[in-house]
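This report concerns only the one structure given below.
All of the numbers you see were taken from the coordinates with simple rules; none came from a lab. All figures in this text were calculated on a predicted structure; none of them were measured in a lab. Cβ sites come from the backbone with ideal geometry, for glycine too, and all protein chains shown count toward neighbours.
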Amino acid sequence: MVNDAHEIQVVWAHPSRSPALERMLDDREQDRVAALDREDDKRRLVTSHALVRVVVAQAIGLDPSAVRIAARCLRCGGPHGKPVVQALPGMHISIAHAGERVVVAVTRLGPVGVDVEPESAGRFAGFSDVVLGASERNEHERLSAEQRPRAAATWWVRKEAVLKASGHGMLVSPDRVEVSDPTQAPRLVAWRADEPPTRPAHLVDLDLGVGYVGCVAVLARQQPIVRLTDGDALVATWAAEAGTASR
Ligand SMILES: CC(C)(COP(=O)(O)OP(=O)(O)OC[C@H]1O[C@@H](n2cnc3c(N)ncnc32)[C@H](O)[C@@H]1OP(=O)(O)O)[C@@H](O)C(=O)NCCC(=O)NCCS
């Protein structure tokens with residue numbers, strides 16, 4: 001429950017799919033699910049969008065199906081981009097999914113961004129050219145070959161968490177957002193793009209299990225308290241309302 005205004009509730013789960021979870025989604029989201037070819041993409045979309053409703057609903061004492069999620073693109077105004085809870089402007093949410101993880105963040109503290117990646121994502125060729133700024137590239141090169149993939153994925157999730165909190169996503173190139181190197185506590189070092197955040201960014205690394213890295217960022221004047229929980233039981237409860245979950 002998001003009882004404390006300083007809290008960020010972060011809940012992660014394995015992707016799954018059931019008729020009951022899918023019914024929580026609105027028509028547009030259900031159309032998105034139907035348009036996906038791959039079953040694992042469908043599971044991630046269904047679980048993450050159902051889970052964020054469940055966590056918001058717990059915080060405000062509503063039924064999850066009564067929670068309306070919308071999105072509005074900063075660039076074109078289209079119905080994509082940073083998700084928001086309709087009719088609850090003080091409630092901030094973020095969604096991430098990758099591999100066998102979905103993660104949602106819910107808080108009243110300020111705009112929030114969450115990200116998860118498998119460590120293996122840090123192996124992609126050209127990572128340091130695309131994602132890292134000049135000083136970060138130097139730090140990356142100093143690491144051993146063994147350390148580099150996890151470090152690269154950690155850099156990536158720290159940057160993406162900030163860019164999701166600000167709502168820019170990939171509208172700002174990640175090499176323009178400098179974060180502390182993975183051997184240090186996470187923090188935003190410099191924002192080298194237009195429209196810098198008007199509130200301090202607080203970053204917290206997330207332990208999302210073996211083989212994954214994650215980070216949550218919030219733009220707020222106060223330090224957050226992050227409550228990280230495994231949401232598999234919660235998902236299973238809601239998935240079992242009707243039908244059987246498939247994993
Ligand atoms: C945000 C972004 C970097 C995440 O990409 P990703 O690593 O593939 O996916 P993740 O699982 O980490 O996050 C996906 C979630 O981020 C959220 N998201 C998308 N754009 C976002 C934004 N600008 N700010 C904050 N969150 C955003 C959505 O909730 C999305 O979940 P959904 O696809 O289930 O609805 C990427 O989706 C992005 O930048 N999109 C915007 C591109 C854009 O603005 N194009 C211009 C169109 S006019």
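Structure data summary
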read-out: Derived scalar couplings ³J(HN,Hα) [the stretch 183-191; Karplus, 6.51 cos²θ - 1.76 cosθ + 1.60; whole Hz; x for Gly, Pro]; value: 7, 10, 4, x, 7, 7, 8, 7, 10
read-out: Residues in the stretch 167-198 that a label on R75 would reach, taking backbone N under 17 Å of a point 7 Å out along Cα→Cβ; value: 167-177, 193-195
read-out: Principal axis dimensions, largest first and in whole angstrom, of the stretch 59-138 by Cα; value: 48, 31, 23
read-out: The chain - Rg (one decimal) and Dmax (whole number), Cα, Å; value: 17.6, 53
read-out: Amide H contacts of V177 (H built 1.01 Å from N, under 5 Å, at least 5 apart or other chain); value: R192
read-out: Whole-Hz couplings from phi, Karplus 6.51/-1.76/1.60, listed for the stretch 23-37; x for Gly and Pro; value: 5, 5, 6, 7, 4, 5, 5, 5, 5, 4, 4, 4, 7, 7, 7
read-out: Residue (of Q86, T47, L36) at the positive-pole extreme of the stretch 31-88, dipole from beta-carbon charges; value: Q86
read-out: Cα radius of gyration and Dmax for the stretch 1-112 (Å); value: 13.5, 40
read-out: Inter-label distance, nm, simple model (7 Å from Cα along the C-beta direction), S120/D232; value: 1.9 nm
read-out: Helix-only [θ]222 nm of the chain, DSSP H runs n ≥ 4, -39500 (n - 2.57) each, per residue, nearest 500; value: -9500 deg cm²/dmol
read-out: Segment R137-A35, length gained on full extension (0.36 nm per residue, minus Cα span); value: 32.9 nm
read-out: Cut-off of 10 Å, at most 13 other beta carbons, DSSP loop: longest stretch of the chain lacking such GluC sites (Glu not before Pro); value: 1-145
read-out: With Cα atoms, 0 to 90° folded angle of helix 148-166 axis to the chain main axis; value: 60 degrees
read-out: Nonlocal amide H pairs with L228, under 5 Å, H built at 1.01 Å; value: V10
